Amino acid sequence: MIVSIKIKSDNIFVTPRKPLTVEYLLIGFKNTLKDEYEIGVVRKELNPIKPTQIFTTINEIIEYLETNYIESDFIYFIQNTLDCGLDLKHGRKLERYDVYKLIDDERNYQDQRWNTNLSEDDAPDKDKPVAEWLNYIEYHLGKSKTADYNLNKEESLSELRKIAALAVRALEIHGCPERITESNISTNSNHILTNTNSGGVDSATNLYNANG
């Protein structure tokens, strides 16, 4: 029984796990929509395919599932969509690189603001313990929470940018332990369908093959 679709090295893998019932798929894709994912270009187009043979929005998938779902056709349309270089993308405002750039700008500002205007009573950054950096972070976290409570999203996010830069500065001075990644954690960033160990569906944002 067809149950999940996965891209690996530009190939589609279809693996047995759980029947692709309409109800099962609808829950997954509706949750995906709630999670603010959308269909977008994730890599260069592989094959020119007519627009009528692909899905261009999650709403199109949901409408298809609710009206005239045929498993073989659904798999065919999904494969065409992936072959066109389209896949699920989060509808986020910024990519990670852009966020890193803004944090780096904040770090530069911190250096200019604090390292060049030290009073006699101020300790240089290199002499500050981790606890002091945590105090700075907690201070700005409190301001971020207050702004969020007052529905000032822009100010809340601005404080988060400061927090991220403060954390970076602390790690520059005291070192940063490496993340030890477990070998069983999937690093595949191309996603279509996911199910949970309990048999339910969270969303259509992760895909796994039969071997995990």
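Observations, loosely collected:
- The residues neighbouring P129, those whose beta-carbon lies less than 15 Å from its own, together hold a net charge of -3 under the Lys/Arg +1, Asp/Glu -1 convention.
- Phi-derived couplings, Karplus 6.51 cos²θ - 1.76 cosθ + 1.60 at θ = phi - 60°, listed residue by residue for the stretch 56-65: 10, 9, 5, 4, 4, 5, 4, 4, 4, 5 Hz, with x used for Gly and Pro.
- In order through the stretch 160-174: 3J(HN,Hα) via Karplus (6.51 cos²θ - 1.76 cosθ + 1.60), integer Hz, x for Gly, Pro: 5, 4, 5, 4, 4, 5, 5, 4, 4, 4, 4, 6, 4, 7, 9
- Charge sum, other residues only, whose C-beta stays under 9 Å from E172's C-beta, Lys/Arg counted +1 and Asp/Glu -1: +1
Throughout, read-outs are computed from the coordinates displayed, never taken from laboratory work. Nothing here was measured: the structure is a model prediction, and the numbers come from that model. Here the Cβ is made from the backbone with ideal geometry for all residues, glycine too, and neighbour counts use every protein chain on show.
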